[in-house]
Amino acid sequence: MKKTWKVISSLITFLMIGVMICLAIVVISSKASGGEPTLFGYQFKTVLSGSMEPTFETGSIIAIKPSNEGMTYEKGDVITFFAEDDKVITHRIIDTKQVDGNVTYVTKGDHNESADVNPVLGKNVIGEYVGFTIPYAGYLLNYASSKAGAALLLIVPGVILFLYSIVSMFQAIREIDGKTESRSA
């Protein structure tokens, strides 16, 4: 029974440390990039509307590969871009056009009935969706980007890990005391 408890205790400790590290990376990356974390060269964006359902649900996190200058995209690609009011949108390309030597993209949300009113200039494309989605995790990411969320997501697991380590220490002391008493008897 003691061996099983030690294995479970070690697993819990390992998981808690892993969660702490992951949360710290998300929070620090969110703060460093101005709200959208970047990991291994991919940006993670939160889906805020249902315009692309069922491709991805509202509140999901999607990964995009940031575009480099001169990159072009094709019909069917899903791109993230700045709209005229600096709003970030992710829609599918339904047509490409050359206007005055510049590439423009006609886009449409998968759930929308008609194409977007304004074509997207190539220079306004942030990146291309790479097919990686985590459903509903965007709500947590948005919360982690807030001051209260960042504090809570770092402090609460830290306190839990600290309390768990205290319990583990007392159990180890009790076990050592039990072995010492059995040797002296």
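The values are calculated or read from the model by the stated rules, or taken from the named source; none is laboratory data. Just so it is clear, the structure is predicted and the values come from calculations on it, not from any experiment. FYI the Cβ positions are ideal-geometry reconstructions off the backbone, even for glycines, and counts take in every protein chain you see.
From the list SER29, SER51, SER60, the lone residue that is among the polar types (S, T, N, Q), within 13 Å of the chain's Cα centre (by Cα) and modelled with pLDDT of 85 or more is SER60. Does VAL120 meet the test of being closer than 28 Å to MET52 by Cβ and touching a Phe, Trp or Tyr at 6+ places or on another chain (Cβ under 6 Å)? Yes, satisfied.
Restricting segment 100-126 to residues that are small (Gly, Ala, Ser) and modelled with pLDDT under 90, the residue that is nearest to VAL47 (Cα to Cα) is GLY122. Selection within segment 67-99: residues that are at pLDDT below 90 and small (Gly, Ala, Ser). The member of this set that is farthest from the chain's Cα centre (by Cα) is GLY70.
If the condition is being small (Gly, Ala, Ser), assigned to a helix (DSSP H, G or I) and farther than 29 Å from GLY76 by Cα, then segment 127-150 contributes ALA144, SER145, ALA148, GLY149, ALA150. Here the strands (runs of 3 or more DSSP E) wholly within segment 35-109 that include at least 1 residues being in contact (Cβ under 8 Å) with a residue 60 or more places away in the chain, of a type outside the set (A, V, I, L, M, F, W, C) and exposed (fewer than 15 other Cβ atoms within 10 Å of the Cβ) are 61-66. Of the residues ILE166, ILE160, ILE155, the single one that is within 20 Å of LEU15 (Cα to Cα), out of contact with any strand residue (DSSP E or B) (no Cβ under 7 Å at 6 or more places or on another chain) and surrounded by 12 or more Cβ atoms within 10 Å (Cβ to Cβ) is ILE160.
One residue is enough: does segment 163-177 have a residue meeting the conditions outside any helix (DSSP H, G or I) and of a type in the set (Ser, Thr, Tyr)? No - not one qualifying residue is present in segment 163-177.
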